[in-house]
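A quick write-up on the structure given underneath.
Quick note: the coordinates plus some simple rules give every number you see, no bench work behind them. Bear in mind that the values here come from a model prediction, so they are computed numbers and not experimental data. Here the Cβ positions follow ideal geometry from the backbone for every residue, glycine too, while neighbour counts run over all protein chains shown.
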Amino acid sequence: MSAAPAVRRLVVEADGGSRGNPGPAGYGAVVIDAATGETLAEVAEYIGVATNNVAEYRGLIAGLTAAKALFPDAGSEGGGLRVHVRMDSKLVVEQMSGRWKIKHPDMKPLAARAAAILPPSSVTYEWIPRAQNKHADRLANEAMDAGRDGRQWEASASTAELDAPSRHRTASTAPPVQGPPGDAAAGAAKARAALAAARGGSAAPEADGLFPVPGAEAAEGAPGTSEGSRTVAPEPTDAAASAPAATPGGTSPETAGSPQVGWGSAPDLGAPATLVLLRHGETALTPQKRFSGSGGTDPELSATGRGQAERAAEHFAALGTVQEIVSSPLRRCRETAAAVGARLGLDVRIDEGLRETDFGAWEGLTFGEVRDRYADDLTAWLASPDTAPTGGGESFTEVADRVAAARDRIVARYAGRTVLLVTHVTPIKTLVRLALGAPPEALFRMELSAASISEVAYYGDGNASVRLLNDTSHLR
């Protein structure tokens, strides 16, 4: 009897992007040896005008094809090749895993092509945050850059791997602590390292290995729902939510008497930059729950909204803690900020990064109207943060990048101070999501009322503490 063939385990990381959605598009994929972390192959291509989702599927197809080409004799049914696919596209991962139905006619043939490359039993799929997919993302961008310049992508000229995080991490080495203020991953790494140092040991490696760690998917908050069941309508101007971070409880014998890392406070780091997040007051569109972003009519506050702004101003005057005011450039925020600024005697600065999402052709429509007119586009938008609304609006990924940049500017400028940010639903929920380390779909699970107050504190080590969410007590 012949011995069973040795199992060869590979990881495929794939990504695709479109500058315009649809627009100039490209994909990138990398094949990795799961045992060593060595890069075995890189592929990328400019594919002309396409959507994000098409480019992502093309990246998956290219990655699986490259993996099979490396070991052509091991990919047959019952053979020795196992491939674990990691992508930051929730849509592709859930559809290829069979948990979401494939409804869009452009996606069905691409999914079929991907499924036919290797036996389904030899391929598994995992969603990962965008930050963990930098190698494939860089390849896709190199391909799009090449297409823009009228040339083909060349592997010999690629620098994508240089920007990829190291895949060689041992249990004796603490994970690197890095990242901008307010990104929970960086703060959590700091906490793990400090706890390990207090115990006289070393931090355990982060659970981002090449194959899934039990419980890792749950820790990311990735839902297991089907595409067809994601029908709960968000607030049209919202992106939406997540539960507060869990607080560690109890003290084990191992840590008793040891210095403890502060959760939600860090007095040894000095005063944090505290961002008080005030959503603007109501406009005529707010009670009708219409999409009202930065690409529409820029409505003014209604009479109700002006009253809400005045009550917010009275509240902050009574507290006496706000030292600076920064506002979105949109009229409803500027009017709300002006009411508070007049009461506190503070000038209002404008930051473009705090504006609401551009909802494209959906501006001014209700959720039901968008569903009736653009059903496929709405389904894709609900499924992937990389998908933009119909007609050239912004994806939630693009908004998150913009808001994070604004956060970094403001935290750096006003270190140790309390700053009132007058902004919108999506920017506020994005700041909370990033502080908690919650996945993009958390945006659809958070409610923010007009003129509500939330609060996040940012410490010098990168930790963030969410202190308040959707408080409307000042309006009652």
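A few comments on the model shown:
- Debye equation applied to the C-alpha atoms of region 388-476, log10 I(q)/I(0) at 0.12, 0.13 Å⁻¹: -0.39, -0.46
- Taking the average, over residues, of other Cβ atoms within 10 Å as the packing measure, peptides 108-115, 134-141 rank 134-141, 108-115 from highest down.
- Unit charges on C-beta of K, R, D, E only; dipole of region 286-414, Debye: 480 debye
- Compared with the direct C-alpha span, the chain from Asp461 to Ser121 gains 118.0 nm at full extension, assuming 0.36 nm per residue.
- Relative contact order (%) - criterion: Cα under 8 Å, at least six apart; region: region 294-450: 26 percent
- Annotation: Cα Rg of region 59-123 relative to the compact-globule expectation 2.2 N^0.38 Å equals 1.11.
- Between the beta carbons of Thr321 and Thr297, assuming R0 = 51 Å, the FRET efficiency works out to 0.90 to the nearest 0.05.
- Remark on Leu420: its backbone amide H falls under 5 Å from those of Val276, Gln323, Glu324, Ile325, Val326, a criterion applied only to residues 5 or more positions apart or on other chains, H modelled at 1.01 Å from N.
- Inter-label distance, nm, simple model (7 Å from Cα along the C-beta direction), Arg99/Ala415: 4.1 nm
- Around the Cα centre of region 399-476, unit charges on the Cβ atoms of Lys, Arg, Asp and Glu (plus for the first two, minus for the last two) sum to a dipole of about 160 debye.
- Legend: residue pairs Lys68/Lys134; Lys134/Lys429; Lys108/Lys429, Cα-Cα distance threshold 29 Å; pairs beyond threshold, Lys108/Lys429.
- Rg over Rh, two decimals, region 1-140 (C-alpha only, Kirkwood Rh): 0.98
- Label-zone membership for region 346-382, site Arg19, 7 angstrom Cα→C-beta point, backbone N under 15 Å: none
- Amide H contacts under 5 Å for Thr390, placed H, 5+ residues apart: Ala361, Trp362
- Across region 40-135, the relative contact order, built from alpha-carbon pairs under 8 Å that are at least six residues apart, equals 36 percent.
- For Gly26, distant residues with modelled amide H under 5 Å away: Gly17, Ile47
- Protection proxy ranking, peptides 148-158, 316-326, 399-409, average beta carbon neighbours within 10 Å, highest first: 399-409, 316-326, 148-158
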